[in-house]
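Read the structure below first, then the notes.
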Amino acid sequence: MERAIGMPVKAIAFDLIGTVVHVKPNREAMLKSLVEALKASGIRIGTEEFYDTYRRVNQRYMELRVNSLREFSNPLIVAETLDELGHPVKPEDLTVVEAVKEYFKPYIESVYTTPGTRKVLTGLKNKYRLGIITNFTFPWTVNECLKKTRLNNIFNPIVTSADVGWRKPHPLIFKTFAQAVGLAEENIVFVGDDLKRDIYGAVKVGMKTILLCSGLTETEDAFYEQKIDEEVTAQMEIKSLKELEYALKIFDP
């Protein structure tokens, strides 16, 4: 293995979904949980009418995410849906926030890790600062996913697009992580499963990169039908997190 020349690695930033954890979400169950929670709170809505309006509003914000890289939260989308249906609420209203938590509970239940993940990460934590950089629209869900998989004591900081306001591959979300750990971007390795959002974004700010090609979870690039406008490659590729410790040796000075 060739050794990379450059600044030593002091921190590892991970993408969350498709890298640290994997999911098999049931979107219909999630929407059903959302509607039931809203109805239980006293909001009178027709199920099919809500579904149709929500999907239309959500699609609009998905397109805005792709075109602008700005992040838009789930409570915002739910609040706008309800507003169109004649129920004016604010994204920060407790009714909306609690309903969004119910929406994500089936998602959280589907989260799992591959065998050996906790052992690998615990070992790496003894040598490196470990953190998360994730495109996620509701930070509460990130913490719950980590609790579910017993990884909630591994990562610090956890940087989400909802908190920063910008989505990967926008440079600000990567720079926010670097500032949080007090390191130059060149001292950080980013590990992710998306070429555009993860690798391209990390390369552009100067981070070292490792691409995880497990194929266990649909990539965000595929979900949003995105391709890279210019050629980019990771410095290393792995098929499992079990290979990560060996792959990191390429960056040893």
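If you run the Gaussian network model on the chain, springs between alpha carbon atoms under 10 Å, then out of 43, 188, 77 the most flexible one is 43. Residues of segment 16-37 falling in the label zone of residue 147, defined by backbone nitrogen less than 11 Å from a point 7 Å along Cα to beta-carbon, are absent. Each label was represented as a point 7 Å from its Cα along the Cα-to-Cβ direction; for residue 83 and residue 172 these points are 2.1 nm apart. Spatial offset of segment 73-113 relative to segment 16-65 amounts to 7 Å, using the alpha carbon center of each. Membrane-span-like helices in the chain, defined purely by DSSP H runs whose alpha carbon atoms cover 18 Å or more axially and whose average Kyte-Doolittle hydropathy reaches 0.5, do not occur. Taking all Cα pairs closer than 8 Å and separated by 6 or more residues, the relative contact order of the chain comes to 28 percent. Using the alpha-carbon positions of segment 1-120, Rg (one decimal) and Dmax (whole number) come out as 19.0, 63 Å.
Size estimate for the chain follows the Kirkwood approach: the inverse of mean 1/r over distinct Cα pairs works out to 19.0 Å. Beta-bridge orientation, the chain: approximately 10 percent antiparallel, per DSSP, counting only bridges with both partners inside. Using the Cβ-Cβ distance between residue 7 and residue 243 with R0 set to 22 Å, the FRET efficiency works out to roughly 0.45.
If you bin every alpha carbon distance in segment 86-175 into 10 Å steps from zero, what whole percent lands in each bin? Pairs per bin, as whole percents: 14, 38, 35, 10, 2, 0.
FRET efficiency for the residue 126 to residue 204 pair, using the beta carbon distance and R₀ = 51 Å, is estimated at 0.95.
Highest mobility in the GNM of the chain, judged by mean-square fluctuation with C-alpha springs under 10 Å and restricted to 132, 238, 17, is found for 238.
Any read-out appearing in this document is the output of simple, stated calculations on the displayed coordinates, not a laboratory observation. As the structure is a computational prediction, the values presented were derived from the model and not from experiment. Don't worry about glycine lacking a Cβ; one is built from the backbone with ideal geometry, like all the others, and counts go over all protein chains shown.
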